[in-house]
Amino acid sequence: MMRVLLLCHSFNSLSQRLHAELRAAGYDVSVELDINDAVAQEAVRLHEPDVIVAPFLKRAIPQSVWQDHICLIVHPGPVGDSGPSSLDWAVAEGRKTWGVTVLQAEEELDAGPVWAHRKFPMRKAPKSSLYRHEVTEAAVEAVFEALGKIGKGDKQPISPDAFDGVERVWRNAMRQSDRKINWSQDEADTVVCKINAADGMPGVLDELFGEPVYLFNARPAPGLNGAQPGQVVAKSGKAIAQATCDGAVWIGHVRVNHPEAIKLPATHVFATQSGSLPERSGYREISYVERGPVGFLNFAFYNGAMGTGDCEELLAAYRNAIARPTKVLVLMGGPDHWSNGLNLNLIEDAESPADESWRNINAMDDLTEAVIRTTDKFVISAICGNAGAGGVFLARAADEVWLRAGAILNPHYKDMGNLYGSEYWTYLLPMHVGAERAEKIAAARLPMGAEEARALGLADLVLNVGRGGFDAEVERLAGAAASDAALDGRLKAKAERRNRDEAVKPLSAYRTDELSRMKRNFYGFDPSYHVARYNFVRKVPKSRTPLTLARHRAGGAVVRRAGEVA
């Protein structure tokens, strides 16, 4: 069994996917967050890896490490590309194809020998979305190819002769001057492209209402035109529309230019200034469509975060959907995130974070309860993007959970300051995975791949399709479920089970028990949740790697997978 150390700046979406996939393939995997040279050197000494894989770094691997070990760097660019803002430049330049290269660490950054590489077509999409899908899929394939070679004893990377004629390009870190928007000259598509190239981090520095802000989450605003370029012209939900030379764009989220500021919805930050703006349609996070006997409820919340208002609006949309004369309702979430539960940024910005946490978790519980109590329709959670914390249990409240093969679940809360969690997880998790596994899943605090989730009972079906084919496959399968002659019997059995469960222990009792623990998290003497939330929303680097990830530091028994202890 090959020993792999994942060395990463943070345990981001790509690192989590690799962690889950490598574990599932039988690799002995441990994780170390790249805090400093001494920590990295100690991790190597403790884990004694055959290979070090660095999927996401912000600094060079220490020479003392790469000289003595094969260190595979995952670079989000094609062969020959190098530099720290590779994907930013690709989006900004409108590249039609891009790639991922797995190369060996050497003294010169991104210049080592190549072990594997992949190319993919680019979408017109935010950098963060491309990273979560195309980059991640390509990276996983390339890393497995490289490790496969090494595991077979092939210690030689690809011959440089294979890349004769490939130009080597160093791209400097993209600066705000490179991202600057010229509102009088840039068309709407250009503005969206510039913001897409900075989405996630760092955003594009600009102004709204005369205040310097970083812009995020942009999309075209068709039908809005005729205003002075740069002028704020309308609002829609969380977004503010800003005029371009040929129309306008919606700006969904902003971050005030201040070291302590965090990313928030635009109309939340500028509530007073946007109050008098005309309300227009166009920026929707929740939508519903019907195709024959099947309803599809989409909710693409930014980064999967669901604030109190989001939960309330989604609950209203859900109630409208189940009132429709359909047989099956599919909860689609969004293409990048299904749901990650509470909106920690809005909570952090609230006058009383404890009070807003309480409102938010109760709104999540109201929504989850509505799904659990739906007995006259077959409800499916179709997860294309990732899901975490309360979002996993909101999804599991449905009759079935369908996962795209590349989706990652984080079915735990405890890393957020030992948060207990609610969304009826103490009812739903044992029901689907069993009491013993439920305790281990909660304790493991590990990301979970789709097949592992299905094997444990957190999912019912894994769809081996890419992001682009997911919706069509879900529609096909949901249509088949709606026409299944056994559906009426399944709904009858579902209602009977719900009545039996209610008689044994009412849902209200589960909610009371969970919320009593949550109240201590929010209002008790232990500030761990509030400290962890503060650090999370401000992206404060961790000072150590959690022992659930750093198996080489855990000592004694460690959780290898959510369902088994070694």
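Taking the Cα centre of the chain as reference, the dipole from Cβ charges on Lys and Arg (+1) and Asp and Glu (-1) amounts to some 860 debye. If you take every residue apart from E400 with its C-beta less than 13 Å away from the C-beta of E400, what net charge results, scoring Lys and Arg +1 and Asp and Glu -1? Taking every Cβ under 13 Å from that of E400, the sum is +2.
When a/c reaches 1.5 or more, the comparison of a/b and b/c decides; with that in mind, is the range 359-430 rounded, prolate or oblate per its Cα gyration tensor? Since a/c reaches 1.5 but b/c is at least a/b, the shape of the range 359-430 is classed as oblate. Annotation: T97 carries an accessible surface of approximately 80 Å², with a 1.4 Å probe and no ligand, DNA or RNA atoms counted. Backbone phi angles across the range 520-525, fed through the Karplus curve with coefficients 6.51, -1.76 and 1.60 (θ = phi - 60°), yield HN-Hα couplings of 5, 4, 7, 10, x, 6 Hz in residue order; Gly and Pro are listed as x. Projecting label points 7 angstrom from Cα along Cα→Cβ for E279 and R3 puts them 6.2 nm apart.
Expressed as a whole percentage, what fraction of the accessible surface of the chain belongs to carbon and sulfur atoms when a 1.4 Å probe is rolled over the protein heavy atoms? Intermediate values should be presented prior to the final figure.
Details: 11940 of 24140 Å².
Here it works out to 49 percent.
Evaluated with a Cβ-only charge set (Lys, Arg +1; Asp, Glu -1), the range 1-154 carries a dipole of roughly 760 debye about its Cα centre, given to the nearest 20. Is the shape of the range 1-80 best called rounded, prolate or oblate, per the rule: a/c under 1.5 gives rounded, else a/b larger than b/c gives prolate, else oblate, with a ≥ b ≥ c the square roots of the Cα gyration tensor eigenvalues? Taking the square roots of the gyration eigenvalues as a ≥ b ≥ c, the range 1-80 is rounded.
Given 0.36 nm per residue, what is the gain on full extension from E48 to F525 after removing their alpha carbon distance, in nm?
Additional length available on full extension: 167.6 nm.
To the nearest 0.05, what FRET efficiency results for D246 and V504 with a Förster distance of 56 Å applied to their C-beta separation?
On the way: r = 62 Å, r/R0 = 1.11.
Efficiency computed from Cβ-Cβ geometry: 0.35.
Secondary-structure-derived ellipticity at 222 nm for the chain, considering helices only, amounts to -11000 deg cm²/dmol, per-run term -39500 (n - 2.57) for DSSP H runs with n ≥ 4. The slack between A480 and D513, meaning 0.36 nm per residue of separation minus the straight C-alpha distance, is 8.0 nm.
Taking 32 Å as the limit for the C-alpha separation, the pairs K263/K505; K119/K152; K238/K519; K327/K505; K263/K519 exceed it in the case of K263/K505.
Taking the charge dipole of the range 103-202 about its Cα centre, with +1 at Lys and Arg Cβ atoms and -1 at Asp and Glu Cβ atoms, the residue from V114, V191, Y131 reaching farthest to the positive side is V191.
On a per residue basis, the chain carries 43 Å² of accessible surface, using protein heavy atoms and a 1.4 Å probe. Placing pseudo-labels 7 Å out from each Cα toward the beta carbon at V465 and D164 gives an inter-label distance of 4.4 nm. Full extension of the chain between R324 and E451 gives 42.4 nm of extra length, using 0.36 nm per residue less the Cα-Cα distance.
Here's the picture: a label point sits 7 Å out from the Cα of L487 along the beta-carbon direction, and within the range 327-360 the residues with their amide nitrogen under 17 Å of it are 327-332. Cross-link partners for K149 among the aspartates and glutamates, with Cα-Cα distance under 20 Å and sequence neighbours closer than 8 places in the same chain left out: E21, D28, E48, D50, D68, E106, E137, E141, D161.
So for the chain, taking the charge dipole from beta-carbon charges (+1 Lys/Arg, -1 Asp/Glu), which of L344, Q273, A316 sits furthest toward the positive end? The Cα lying farthest towards the positive end belongs to A316. Partner aspartates and glutamates whose Cα lies under 17 Å from the Cα of K180, excluding those fewer than 8 positions away in the same chain, are identified as D88, E93, D189, D199, D206, E207, E211.
Each of the chymotrypsin sites (Phe, Trp or Tyr not before Pro) that DSSP puts in a loop and that has at most 13 other Cβ atoms within 10 Å breaks the chain; the longest unbroken stretch is 210-524.
The values are calculated or read from the model by the stated rules, or taken from the named source; none is laboratory data. If you're wondering where the values come from, they're calculated on a predicted model, not measured in any experiment. Backbone-built Cβ (ideal geometry, glycine too); neighbour counts: all protein chains shown. Surface accessibility is based on the protein's heavy atoms, side chains included, excluding ligands, DNA and RNA. Shrake-Rupley method; radii C 1.70, N 1.55, O 1.52, S 1.80 Å.
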